[in-house]
Structure formats: structure tokens, C-alpha cells
Ligand code: SF4
């Protein structure tokens, strides 16, 4: 046999044993598989985390978490039991070394961030900002981002059943934290959704709607079904994608009778009208793909929808290796029939430097994962460049690796550049994490920030100003 850099092994899916946690020692399968039970038992604070995990979780970890929540976190804590159960899945909570396994866990790294995870030198990039993709600037009506010529993103609600520490929409999604206030929609939900439908009816160049938020699993099902049914009535809409991390974080929702029946109705109408409905989920680590997640994905295929695809986020310490990305992609594909689609580079929000990787590393990962998966299931690694949109990482126009600045171009206009004759010739910048740069580049950024501070100017990035390196 020829030796290969990556060795494919088919993984058998299972549900980790939730009774290994003292707080769930008596939880029955029926309770576990109920979406209502899962929602009612989400972990929202340190006290609840300790109640579930018991004394195996050290005081030091809790203090680390408490400091992060006080000084750094841009998202409040919300972890469904289904997700918590996939953390440190092979370690009993009362085993010596549980805290170590929990600290090292790839899912814990992004769902329950602690202060010691973050960079002490540059917790944020100077150009980090809330709404780093400027989505609100491109709202055609409140919550409807028109950023590409033929497709829109409908933010139908600002909540999710789970909150990820690195959430791109930290500006809008979730509850305020001690360091981040949240933007609030001004229109009532019904008025917002009606305005979105009104815009789509009168904008025939839009053919593709990503129904997102937040996570559509938090919209009461009848309201979500009515919104999607209304989209299906609009002749120009040919693709509808429902964005739900909950397919993994709360598969019990997608497995419920009400949702399956409703998706069956939507799937039938979509087929009749020749429209594609797909679910886009967000899985970052292979261990998150459990038997229940696969069951939920298959239940959705049974409703006749076109596809279930995964859009993961590249996160340092979670999946920034060839093996982690290929393990995840194969597990999604083999075990659950979910199409590996994109891996995004983590966006430049405040406090994200410890998660972000450089463009050079993203290009390397893309190169290394080629040729293992079928071509149709080989995920593209993309950089969502502010004011540009998604670009494949090898599409960069210029790249200054010393300063970690990549330059990108675009081939369409949004309303923001409608009157800008140079929009299609301009270069738009994206920034590598400073700690990944050569020493000279790091010095350049440190000097620049020092000069700005000396001249009384705030750091360019909003929030969480970096400490002097
Ligand atoms: S599920 Fe998506 S929208 Fe919700 S917190 Fe996570 S990344 Fe943000």
C-alpha cells in the first residue's frame, strides 16, 4: 500500500453517552430526543455548566471562563445538551484529567471560550469591527442584505438555539455581553418579513434567498413555513437555502413531527414549481456529527428537499489541520449525506485573533485537502472579504506576507458602490492575524498602534483594543 499524508477511515456514528455527566445521569432517551427537553436544559451560565459536569470541572476552568465572559466574550453562553455532550466525548466527568480534556476539546474551543484561549498580545486585530462584513450597510430593507447581484441574505430573526463564540453576526445576534451591546431591529418582525417579501417581489434580478438569522430553528415553525411558502410564490426565486446550525446543535428540532411534516409540504411545493430548497448547516468538528445529526439530515432528504450542505468556519484549535478538515468532510458525507461545501476563514470581529489563521495557511489547507474527497464534495476554503464577498483563497490579487495584508478585487457592485466608478478596479484589503507575521511585520503593526495611541487616535478596530505587544 502506498503511504499517504492522510489516511481515510470510515467513522461509525454514535451518540456519546450523556449519562457520563452527573447532571444528566438519569436523563432518558425519550427526554434526550425531545427538542423541548433540549431547549429547556440548555447551559446558559457557569452555575449550570457546573451542575451538569460536576466536580470534575476545576475551579480554575470556571474562573477562566468567568473572566472571559466579563472581559472578552462577544456572545453570551448558550449550549444545547446535544452539543455539550459532544465535548470530551471519551472522558467521564469524574475521571482525572477531565478538565484537561475539556480545555483541549475542539468544540469547547469555540462554543465555551475562556480567557486563556485568547491572545494576550493582540486579542483583536486593529481593523476588527462589529458587523465586519458591513451587512447592515447593504440592507435593502431592514435585515435583508443585498450583497451579490442575484442573491440576498434574509436575517429573519436575531437569535439561535446555540451561540458560537466566533459568531460573525455578533453585532446583531444573541444577548448583550458585558463588553458588547447588540444592535436591535427597529421594525417589528411581521413588518420586517413583509418588507423583505415586498422587496423580493419587485426585484426580479434576485433568484436566490438565504433564509438565516440567527438560526431559522428559532422561528416558530408555522411562521417559518409561511415565510418560505411566500418565497415559493415569488416567480423569480429559484433557490432557497435555510441556514440552521441547529441541524447539528439541536437535531431534535428537525426531527420533530411538526417540522418534518412542514418541510414535506414545502418540499412538495418546491418540486412542483421547480425551485430548490436546501438546508445549510454549520459543523466545525467531526465529533459533532452524531447518529442523531445523521438521522435529522436523512429525515430532511426524505422530505424531498434538494440538499443539505455544510458551511464550516476554519478555527485555530478546532479544525486548522488537514486531518481535521478531511475527517469532518468524510464524516459529513459518509455518515450523514451532508455535502461539505465551504470552510470560511473566521471573520475579523473583535476578540477573534486566537481563532483566525493567515491566508497563507488557508491556502495551504486548501491545497492539501484536494484529491481525497470526490470533486463535488471537496469544500472550497473562502475568505469573506469586507465589501467584496466570498472569494476562494487562491483568488487573491496581491499578498504582502510581511504585513499580512491581502488585496482582493470584485466583479459586481452593491448599492454601497452604485455611484463608484472605481468599484470594480479597486483593491479591498483583508488582514492576517498579527501574531502569525514575521517579526518585522509584527513590529510594524506595534509601532503603528503605538503612534496612533500617542496621537490620541483610538485603535482602528472597534472594541477590545489590543494590548501593546
Ligand atoms: S449559529 Fe450561526 S448565527 Fe448563531 S451564533 Fe452560531 S455562528 Fe452565529
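Under the condition of being away from the ligand (no atom under 16 Å from the Cβ) and either modelled with pLDDT under 95 or in a helix (DSSP H, G or I) (or both), the residues counted in region 191-227 number 17. Screening 155, 142 for residues that are surrounded by fewer than 16 Cβ atoms within 10 Å (Cβ to Cβ) and either touching a helix residue (DSSP H, G or I) at 6+ places or on another chain (Cβ under 7 Å) or closer than 23 Å to residue 76 by Cβ (or both) leaves exactly one candidate, 142.
Screening residue 131 against (1) within 16 Å of the ligand (Cβ to nearest atom); (2) within 27 Å of residue 200 (Cβ to Cβ); (3) in the same structural domain as residue 216 (by TED's automatic domain parsing) leaves a single unmet condition, (3). Counting just the residues of region 144-159 that are within 13 Å of the ligand (Cβ to nearest atom) and assigned to a loop (DSSP other than H, G, I, E, B), which one comes out nearest to residue 204 (Cα to Cα)? Among them, the one singled out is 156.
If you filter region 228-259 down to residues that are exposed (fewer than 14 other Cβ atoms within 10 Å of the Cβ) and part of a loop (DSSP other than H, G, I, E, B), you find that the one that is nearest to the ligand (Cβ to nearest atom) is 233. Of all the criteria given as (1) closer than 27 Å to residue 340 by Cα; (2) out of contact with any helix residue (DSSP H, G or I) (no Cβ under 9 Å at 6 or more places or on another chain); (3) crowded, with 19+ Cβ neighbours inside 10 Å, the one not satisfied by residue 449 is (1). Given the structure, is residue 165 within 11 Å of the ligand (Cβ to nearest atom) and buried (at least 18 other Cβ atoms within 10 Å of the Cβ)? Yes. Of these, 428, 407, which one is over 23 Å from residue 152 (Cα atoms) and out of contact with any helix residue (DSSP H, G or I) (no Cβ under 8 Å at 6 or more places or on another chain)? Just one listed residue meets the conditions, 407. Would you call residue 262 in a helix (DSSP H, G or I), closer than 24 Å to residue 334 by Cα and more than 16 Å from the ligand (Cβ to nearest atom)? When the stated conditions are applied, residue 262 does not pass them.
Considering (1) over 14 Å from residue 341 (Cα atoms); (2) part of a loop (DSSP other than H, G, I, E, B), the lone condition that residue 384 does not fulfil carries the number (2). Here region 388-406 is the region considered, the condition is being under 24 Å from the mean Cα position of the chain (by Cα) and part of a strand (DSSP E or B), and the residue that is surrounded by the fewest Cβ atoms within 10 Å (Cβ to Cβ) is 392.
For region 71-87, indicate whether the set of residues that are more than 23 Å from the chain's Cα centre (by Cα), surrounded by 17 or more Cβ atoms within 10 Å (Cβ to Cβ) and farther than 30 Å from residue 336 by Cβ is non-empty. So far as region 71-87 goes, no, none of its residues is more than 23 Å from the chain's Cα centre (by Cα), surrounded by 17 or more Cβ atoms within 10 Å (Cβ to Cβ) and farther than 30 Å from residue 336 by Cβ.
The values are calculated or read from the model by the stated rules, or taken from the named source; none is laboratory data. Computed from a predicted structure; not experimentally measured. Note that we place each Cβ from the backbone using ideal geometry, even for glycine, and neighbour counts take in every protein chain shown.
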